[in-house]
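We did not get these values from a lab; they are worked out from the coordinates using the rules stated. Computed from a prediction, not measured in an experiment: that's the story for all the values here. Glycine also receives a Cβ, built like all others from the backbone with ideal geometry; neighbour counts cover every protein chain displayed.
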Amino acid sequence: MLEKVYQLFYPNSFTGRQLPDEIIVDIFGRLPAECIVRCGHACKPLHALTRSPAFVYKHLNRATPVIAFSYHWKSYWEEVNVHFTDDLARTISLKSVPLEKYYLPVLFCSYNGFLLFRGSKEVIIWNPISEQLVRVTLPLGSCLCGFFIYPRTMEYRIIHQSRERNYFKFFVYGLMSKESKEITFSHPPTTEKAPILLHGVLHWMVSDDAYQIVHGVQPDCSNSIVLFNINSEDFYTTPHPGVQCGLKKKHGKMELIEMEGHLCFCDSSSNENVVIWILEDYEDMIWRKRFIVINTVEVWV
């Protein structure tokens, strides 16, 4: 097979011409990522072609989504295993990655096939296919917020935040340029859950606790969803749908998810049910209440 792959990049014996790149891209865009990596190792022209942002974008759009998850046993803190729900039901171990003693990194999110792990002092970006990784050391007191690709330069960037006396400081760090852009903003996003990326915007729920530590009060519901535009690299806020929380905020019991290309808001602040809203019109921020899950769990004594 590798010999046939190699021949794709040289003139055909019948036509005397090389197969056009767009046809090669179309062929390999239909293959599993593991196969592309193996072929790329044996053929330098293919390696360069399949590492281009255009090919990666096309391959990801064709690929079947796969769920990756990880969990830790409290009595076993020596390695991190990542499980995949594809046809092979694979499990990959980070045994080859030097890890912090007594503190294993936590799987935070995935983006474009990369897995992002959060440690106590660093961030690990890992390619589960090639097993290549990048480690970024975070400043003391800083916490990871998100991971995205900057559309203008196709550079992967991470966002981390730190708390100052009366405001929050954010850093946008480029993995290629190794440069940081500093941004100040009043409302901190939660760092417990990864943001939802839709329409070129990262979405989080606000962190009530972090906001109260700095400002002395809890954030208003009108600023309960924090957004970050990955093109302009600006933060802003928007209100959550439904009934406002009142004096005691419950944003920690609300979360954002993505469903069929729509941003969804899940409100589990009530003990009786879970209400799910869908953002049907993103431009005008029009939410529709679509599902109510009644709490029917029986408690056995």
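Note on Ser162 and Ser232: their simple-model spin labels are 2.7 nm apart, each label 7 Å out from Cα toward Cβ.
In a fully extended conformation the segment linking Lys289 and Val214 would gain 23.7 nm over its present Cα-Cα distance, using 0.36 nm per residue. For the pair Val106 and Arg62, label points projected 7 Å from Cα toward Cβ lie 3.7 nm apart. Rounded to the nearest 20 debye, the dipole size of the range 126-184 about its Cα centre is 180 debye, using +1 on the Cβ of Lys and Arg and -1 on the Cβ of Asp and Glu. Remark: spin-label model distance His262-Tyr282 equals 1.4 nm, labels positioned 7 Å along the Cα→Cβ axis.
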